[in-house]
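These notes are about the structure you will find just below.
The values are calculated or read from the model by the stated rules, or taken from the named source; none is laboratory data. Predicted, not measured: the structure shown is a model, and the values here were computed from it. Neighbour counts are summed over all protein chains in view; Cβ atoms, including those assigned to glycine, are modelled from backbone coordinates with ideal geometry. With ligands, DNA and RNA removed, areas are computed over all heavy atoms of the protein, side chains included. Shrake-Rupley method; radii C 1.70, N 1.55, O 1.52, S 1.80 Å.
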Amino acid sequence: MEICAVCERSLEECICCPECGHICSLDTGELFCPVCFPAKNRMHEYFMRLALKEAEEALKEGEVPVGAVLVKENKVIASARNRKEADTDPTAHAELLVLRKGACATGKWRLTDATIYVSKEPCVMCAGAMVNARLGRLVYGCRDHRFGAVESQYHIVSDPRLNHNIEVISGILANNCADILKRFFVKLRNQRDG
């Protein structure tokens with residue numbers, strides 16, 4: 001059996017980049033070798049910026065500015081933003097809407113090979129829906145210290161009592177994501193006070 005001199009695994013299990021021979025982080029969830037493809041490791045930021053565009057649209061529409069995109073094989077298959085006010089629907093959160101659209105687009109309710117990028121840490125309802133959808137990965141921007149159900153208040157997507165756990169990456173463009181929420185709530189406060 002041949003062993004790779006770099007990662008010391010059998011060639012069948014080798015995790016080295018075929019371009020450069022460096023051990024890449026493919027086995028830790030990254031999509032590209034950081035040596036060969038440094039720009040591609042900014043993929044999380046790229047997709048989070050798309051979620052932020054959705055959040056900006058929600059802000060313009062008077063909704064709590066949260067946006068989400070669902071990505072599969074590095075392609076956006078669905079995007080959504082909060083629509084609670086527009087739809088008079090308490091479940092019309094960006095995450096739920098993007099899960100629905102993604103399931104329709106793929107023809108499958110199990111989204112194990114998909115990633116949701118969302119600008120704010122999901123609530124209990126949305127985190128639960130992600131578990132039920134068997135989502136592969138969640139990437140979010142800023143924390144929701146009051147109601148966050150992923151890391152801040154609850155740990156729904158990693159709860160060992162549930163039948164599925166989701167990989168989580170947090171803090172992507174966190175300041176940008178928090179800023180849009182601050183702008184919304186300052187404006188709301190000013191409208192109420194003025």
Single condition TYR154 does not satisfy, out of (1) outside any loop (DSSP other than H, G, I, E, B); (2) farther than 18 Å from LYS53 by Cα; (3) at pLDDT 95 or above: (1)
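Sort out which residues of region 64-80 are over 24 Å from LYS182 (Cα atoms), without any contact (Cβ under 8 Å) to a residue 40 or more places away in the chain and open to solvent by 30 Å² or more (accessible area, probe 1.4 Å), and write them in order of number. Spell out the reasoning first.
Kept after step one, since they are over 24 Å from LYS182 (Cα atoms), are these residues of region 64-80: 70-78.
Now drop any that are not without any contact (Cβ under 8 Å) to a residue 40 or more places away in the chain, which leaves 75-78.
Hits for region 64-80 are LYS75, VAL76, ILE77.
LEU138: touching a Cys at 6+ places or on another chain (Cβ under 9 Å), within 20 Å of GLU45 (Cβ to Cβ) and among the aliphatic types (A, V, I, L, M), yes or no?
Values: touching a Cys at 6+ places or on another chain (Cβ under 9 Å): no; within 20 Å of GLU45 (Cβ to Cβ): yes; among the aliphatic types (A, V, I, L, M): yes.
Answer is no for this residue.
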Evaluate the following for GLU167: is it within 20 Å of ALA51 (Cβ to Cβ), in contact (Cβ under 8 Å) with a residue 60 or more places away in the chain and open to solvent by 20 Å² or more (accessible area, probe 1.4 Å)? yes
Residue list for region 81-122, restricted to those being touching a helix residue (DSSP H, G or I) at 6+ places or on another chain (Cβ under 7 Å), open to solvent by less than 30 Å² (accessible area, probe 1.4 Å) and not aromatic (Phe, Trp, Tyr): ASN82, ALA92, ALA94, GLU95, LEU96, LEU99, LEU111, ALA114, ILE116, VAL118, SER119, PRO122
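Taking the conditions exactly as written (of a type outside the set (Asp, Glu) and assigned to a helix (DSSP H, G or I)), does ASN163 satisfy them or not? Break it down stepwise before answering.
On the way: of a type outside the set (Asp, Glu): yes; assigned to a helix (DSSP H, G or I): no.
In short, no.
Yes or no, residue by residue, for (1) more than 24 Å from LYS60 (Cα to Cα); (2) in contact with an Asp or Glu (Cβ under 8 Å, 6 or more places away or on another chain); (3) of a type outside the set (D, E, K, R):
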residue	(1), (2), (3)
ARG100	no, no, no
VAL150	yes, yes, yes
ASP159	yes, no, no
ASP179	no, no, no
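Looking only at region 151-164, filter to residues that are surrounded by 12 or more Cβ atoms within 10 Å (Cβ to Cβ) and touching a Lys or Arg at 6+ places or on another chain (Cβ under 9 Å); which one of those is nearest to ALA129 (Cα to Cα)? Outline the logic, then answer.
Initially, region 151-164 is screened for residues surrounded by 12 or more Cβ atoms within 10 Å (Cβ to Cβ), giving 151-159, 162, 164.
Among the residues that remain, those that are also touching a Lys or Arg at 6+ places or on another chain (Cβ under 9 Å) are: 151-153, 164.
Values: GLU151: 16, SER152: 18, GLN153: 17, HIS164: 11 Å.
Result: HIS164.
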Out of GLY141, GLY148, sole residue that is in a strand (DSSP E or B) and either closer than 21 Å to PRO65 by Cβ or open to solvent by 70 Å² or more (accessible area, probe 1.4 Å) (or both): GLY141
Subset of region 116-138, residues over 20 Å from ASN163 (Cβ atoms) and either of a type in the set (Lys, Arg) or part of a strand (DSSP E or B) (or both), comes to TYR117, VAL118, SER119, LYS120
Using the structure shown, decide if ALA55 is under 25 Å from HIS155 (Cα atoms), assigned to a loop (DSSP other than H, G, I, E, B) and open to solvent by less than 20 Å² (accessible area, probe 1.4 Å). no
